[in-house]
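Okay, so here's the structure we're looking at.
The values are calculated or read from the model by the stated rules, or taken from the named source; none is laboratory data. From a predicted model like this one, the values you see are computed outputs, not experimental measurements. FYI the Cβ positions are ideal-geometry reconstructions off the backbone, even for glycines, and counts take in every protein chain you see. Side chains included, ligands, DNA and RNA excluded: accessible areas come from the protein's heavy atoms. Shrake-Rupley method; radii C 1.70, N 1.55, O 1.52, S 1.80 Å.
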Amino acid sequence: MPNSLQVVLKLLSSVKELQLILLVIRFWATPLNSSGFETFYQTTFPGHSVGEGTELSSECKSLTHKMKLGVIAGFIAILSILPTTECLKSQGKAFVLTFLDNVVEYWQDLPLEVWVTNEGSSDATVSISAPRDNNLLLPECTGDKTVNISAGGQHHFSVCWWAKIMKGDADVNNKVIRIDSDVDVSVIALNKEAFSADAFQVLPIDSLGSSYYSLVSGPGRDHPNTLAVIATEDDTSVTISVPETDITDGPPPAFNYRCLVHESGSTFTIRLFAHQVFYIMSFADISGTKILASNPVAVFNGNTRAAEPASESSRDHTCSQAISSGNWDKEYYYSPVYRSSTPGDMIRVQTNTPNTVITYSQANGQSGQVTLQTGEWTELALDDQAYLSSSNKFSAVACGVTQVGTPDGMIRDPSLRNLQGVTQWTSSYVFPAVTSAESTLNGGTEQPYTLSYFQVTIATADRAGLRLDGATVNPDCVAAPGPTSNPRESCVVVVSGGQSHVLNHVSGAEFGAYMFATNDKETISTTLALNAPAQCEETVMRRGDEIDNDCDGSLDEEVCDGLDNDGDGKIDEDCQRKNIC
């Protein structure tokens, strides 16, 4: 049962629920001897009425107060099972994260990094903690665990290197880091060793959901794909559905959990307490894995040392935090790596809606479409600016491929990032002052990345309003494909490495952006900010709960007979109450 604060937040999450709380307040405030109370009295005691000037006895008043409390408790119980409609945003006051294994040839045991940015107008008091294992934040690793970040400032927390989940760790363990702040902040995490690194955006707890699908880089080859699920509340039930198909040439999807092998098409359930993490490694391609939880969870996926394509010898650690299915989008823009002799990436798309047609068009004139059924995913090889769209929501990630023979002579290694949906755009982005670990192999200190930039998609009419650190900027732009009614451009804004930078729009126009930084054989890339309105999200079903569990606009439309009664490609996902007659 959610605590009282969570109930209040749910009450305030929609107009209908706000109307309900006003009704409860009015009900509680009704004087026991007023004419307004007569309807309540007559309903409770049929055939009787409250006469004018009548006073209730103290015993009856006590009984009636208890009845009021019972009714209000009923309201709260109903609210506790309402489906969540959380908005997607990158700023918040509480975050949970974990670091996945990063396998390298030359171990440096470098600290893990958590970058916290305060874009607000007031100072922030921010603390880092490891709720279930204080050894992850020893003083020699972390230093001060509570800091003040001035308005517009940034702070870098260090985390002991052994906090990352490694081979041999328990499948359910306590390697979870938590960030708390008294004002809204944003968080970027960086897991790096020499020649192997990736950054990922961390979403606040109030932007988490309960329904996810995993999308990762290609087959793990000799290094496994990884999946981690963090509980934010005690007694969280998590059901893992192993994907039925694999479109790659790797081994069939299967998970080993507590001495049992869960093969393609099977499901299994685990229970977690708050700040516990469930972790799986697999040499199969785990894309399409479904995660459905009874409470909001954070999901991270990646690869310990990805090769993209699998034949490439230069590899890199990859990681991203998954976006819950309720917060997917219908439109995405893709831009290839800047200054590349062989531009292009592998774009993976997935849906949870039957007969979803995803169309894509590239600036080079190539176009196409794919049709996906519920839970299906596919891979698109795109090599130019691209626009992807559908009438249904879908997920999209960019699996950066190894780039050899670039104009600057560097090898750009794989990375993994969520594509940013158009409704998720915002008007301001902050590039953290991250540095590269490459020079530490020779005993040197960390240095700025050789190439750092913002990759931007913006309406042509808005481009002149871009500002970098408060100054006008002249980005390198090309036309982007997409709707001609609102032409957009794909732009690159190169920045100085090792420094924090703010890219925003002078009039608040929204645009898309992610960060990219690279050295020879070391590449990081991630979204920097997300902002989207509240949307329905799939929830765990209770028969006859009168909730739209599958977000299809209907309540309890299934019969729970093992058939797809409503033709949406799902079975028994939103069932009627069992008829005991």
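Select, from GLY288, GLY265, the only residue that is modelled with pLDDT of 80 or more and open to solvent by 30 Å² or more (accessible area, probe 1.4 Å).
Details: GLY288 fails: open to solvent by 30 Å² or more (accessible area, probe 1.4 Å).
The unique qualifying residue is GLY265.
Scan (1) out of contact with any Gly (no Cβ under 9 Å at 6 or more places or on another chain); (2) modelled with pLDDT under 90 for the single condition ALA363 breaks and write down its number.
(2)
Within the group PRO309, PRO414, PRO407, which residue is modelled with pLDDT under 80 and open to solvent by less than 20 Å² (accessible area, probe 1.4 Å)? Write out each step before concluding.
Working: PRO309 fails: open to solvent by less than 20 Å² (accessible area, probe 1.4 Å); PRO407 fails: open to solvent by less than 20 Å² (accessible area, probe 1.4 Å).
On inspection, the qualifying residue turns out to be PRO414.
Would a scan of region 149-170 turn up a residue that is closer than 21 Å to ILE230 by Cα and of a type in the set (Lys, Arg)?
Looking through region 149-170, at least one residue is closer than 21 Å to ILE230 by Cα and of a type in the set (Lys, Arg).
Can you tell me which residue in region 490-527 is farthest from CYS399 (Cα to Cα), limited to those that are in contact with a Pro (Cβ under 6 Å, 6 or more places away or on another chain) and free of Cβ contacts under 8 Å to residues at least 60 places away in the same chain?
VAL493
Can you tell me how many residues within region 347-383 are under 22 Å from PRO414 (Cα atoms) and open to solvent by less than 40 Å² (accessible area, probe 1.4 Å)? First the steps, then the outcome.
Keep residues of region 347-383 that are under 22 Å from PRO414 (Cα atoms), which gives 347-350, 362, 377-383.
Add one more test, that the residue is open to solvent by less than 40 Å² (accessible area, probe 1.4 Å), and what stays is 347-350, 362, 377-378, 380, 382.
So the answer is 9.
Give me a count of the residues in region 147-180 that are part of a strand (DSSP E or B) and open to solvent by less than 60 Å² (accessible area, probe 1.4 Å). Break it down into steps so the answer makes sense when it comes.
Looking only at region 147-180, we keep the residues that are part of a strand (DSSP E or B), and these are 147-149, 154-159, 172-173, 177-180.
Then keep just the ones that are open to solvent by less than 60 Å² (accessible area, probe 1.4 Å); that gives 147, 149, 154-155, 157-159, 172-173, 177-180.
Looking only at that region, the number is 13.
Only one of these conditions is not met by ILE240: (1) out of contact with any Gly (no Cβ under 7 Å at 6 or more places or on another chain); (2) open to solvent by 10 Å² or more (accessible area, probe 1.4 Å). Which number is it?
Going through (1) out of contact with any Gly (no Cβ under 7 Å at 6 or more places or on another chain); (2) open to solvent by 10 Å² or more (accessible area, probe 1.4 Å) one by one, ILE240 breaks only (2).
Does SER150 fit the bill of being under 21 Å from ALA433 (Cβ atoms), among the polar types (S, T, N, Q) and within 24 Å of the chain's Cα centre (by Cα)? Give the derivation first.
On the way: under 21 Å from ALA433 (Cβ atoms): yes; among the polar types (S, T, N, Q): yes; within 24 Å of the chain's Cα centre (by Cα): no.
Against the criterion (under 21 Å from ALA433 (Cβ atoms), among the polar types (S, T, N, Q) and within 24 Å of the chain's Cα centre (by Cα)), SER150 does not qualify.
Would you confirm whether any residue within region 139-146 is among the small types (Gly, Ala, Ser) and surrounded by 15 or more Cβ atoms within 10 Å (Cβ to Cβ)? If you could, list the steps in order and put the result at the bottom.
Of region 139-146, the ones among the small types (Gly, Ala, Ser) are 143.
If we keep only those that are surrounded by 15 or more Cβ atoms within 10 Å (Cβ to Cβ) as well, we get none.
No; the residues of region 139-146 include none that is among the small types (Gly, Ala, Ser) and surrounded by 15 or more Cβ atoms within 10 Å (Cβ to Cβ).
If only one of ASP123, ASP101, ASP109 is under 24 Å from ALA197 (Cβ atoms) and open to solvent by 60 Å² or more (accessible area, probe 1.4 Å), which one is it? Full working, then the answer.
Working: ASP123 fails: under 24 Å from ALA197 (Cβ atoms); ASP101 fails: open to solvent by 60 Å² or more (accessible area, probe 1.4 Å).
Of ASP123, ASP101, ASP109, the one residue that is under 24 Å from ALA197 (Cβ atoms) and open to solvent by 60 Å² or more (accessible area, probe 1.4 Å) is ASP109.
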